[in-house]
Amino acid sequence: MAKFGVVVFPGSNCDHDMLYVLEHTLKQKAVPLWHKETDLQGCDAIILPGGFSFGDYLRSGALSKFSPIMTEVAEFSKNGGYVFGVCNGFQVLCEAGLLPGALLANTSRKFSCKNVYLSVQNDNTALTKNIPKGKILNNPIAHGEGRFYADAATLASMNKNGQVVFRYCTEQGEITDAGNPNGSLENIAGICNETKNVFGMMPHPERAADDLLANTDGLLILNSLVNTVKTKRPAFDKSASL
């Protein structure tokens with residue numbers, strides 16, 4: 001069993017969804033971490049959930065990066081700890097500089113809430129190791145600022161380093177404009193950092209993790225993360241040095 005910390009900002013609204021899936025479906029230890037805390041409670045991995053932290057004032061994630069817990073999350077990731085941001089959590093990680101690029105307003109200028117299809121671009125990451133090769137995932141999105149952007153040099157580096165984890169696609173797996181729900185550059189839906197221990201994605205795997213929802217594709221992603229964390233726990237534990 002691994003221990004997951006789910007960061008809660010004012011305005012987070014997917015924290016309980018993530019806690020429920022981790023605890024009740026995946027049978028892991030999961031604890032909420034209030035954004036003003038500076039103790040990660042010995043967690044093996046940290047998750048930043050979706051929502052509208054600080055009401056998305058200024059821009060999504062721009063205020064959350066100043067929360068005290070983000071200093072600890074940055075240090076945790078620097079020392080090899082696994083960090084995963086979903087939707088608003090992805091936006092926070094980009095704003096905090098823990099992931100490259102930025103999330104801009106959808107090209108439609110409208111909030112988009114629907115199921116989308118994802119193609120795995122790197123099958124050797126903590127999020128994808130347990131996903132069957134060639135599997136096209138069906139996960140929901142719910143965002144108004146999900147359009148991934150990075151400059152040409154950053155994109156080239158990301159592609160070279162295998163940092164693009166998921167791309168939006170059609171049901172048949174075609175990476176085309178027709179399968180791109182928000183105008184993201186190169187259909188990018190999920191990425192990781194260079195050391196591949198910090199991840200972000202706009203679609204919500206925790207909302208596709210229950211038979212009652214008639215979709216469990218998200219479990220493939222979360223199960224992969226759980227299995228990786230359990231077998232490759234980070235060496236960093238701040239409490240051990242106190």
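Quick notes on this structure:
- Scanning segment 38-55 for residues that are outside any strand (DSSP E or B) and either in contact with a Leu (Cβ under 9 Å, 6 or more places away or on another chain) or over 13 Å from Pro10 (Cα atoms) (or both) turns up Thr38, Asp39, Leu40, Gln41, Gly42, Cys43, Asp44, Pro49, Ser53, Phe54, Gly55.
- All positions within segment 56-68 that are closer than 23 Å to Pro203 by Cβ and either in contact (Cβ under 8 Å) with a residue 40 or more places away in the chain or part of a loop (DSSP other than H, G, I, E, B) (or both): Asp56, Arg59, Ser60, Gly61, Ala62, Ser64
- Here Tyr168 fits the description: of a type in the set (Ser, Thr, Tyr), touching a Pro at 6+ places or on another chain (Cβ under 7 Å) and under 18 Å from Gly85 (Cα atoms).
- Test result for Val198, in contact with a helix residue (DSSP H, G or I) (Cβ under 6 Å, 6 or more places away or on another chain), touching a residue at least 24 places away in the same chain (Cβ under 8 Å) and within 21 Å of Phe52 (Cα to Cα): yes
- Taking every residue in segment 153-180 that is within 20 Å of Ile221 (Cβ to Cβ) and touching a residue at least 60 places away in the same chain (Cβ under 8 Å) and pairing it with any residue that is part of a helix (DSSP H, G or I) and not acidic (Asp, Glu), at least 6 positions away or on another chain, the pairs with Cβ-Cβ distances below 8 Å are Gln163/Ser157; Gly179/Asn187.
- Lone unmet requirement of (1) crowded, with 21+ Cβ neighbours inside 10 Å; (2) at pLDDT below 95; (3) among the charged types (D, E, K, R) for Arg233: (1)
The values are calculated or read from the model by the stated rules, or taken from the named source; none is laboratory data. If you're wondering where the values come from, they're calculated on a predicted model, not measured in any experiment. No Cβ is skipped: glycine too gets one built from the backbone with ideal geometry, and neighbour counts run over all protein chains shown.
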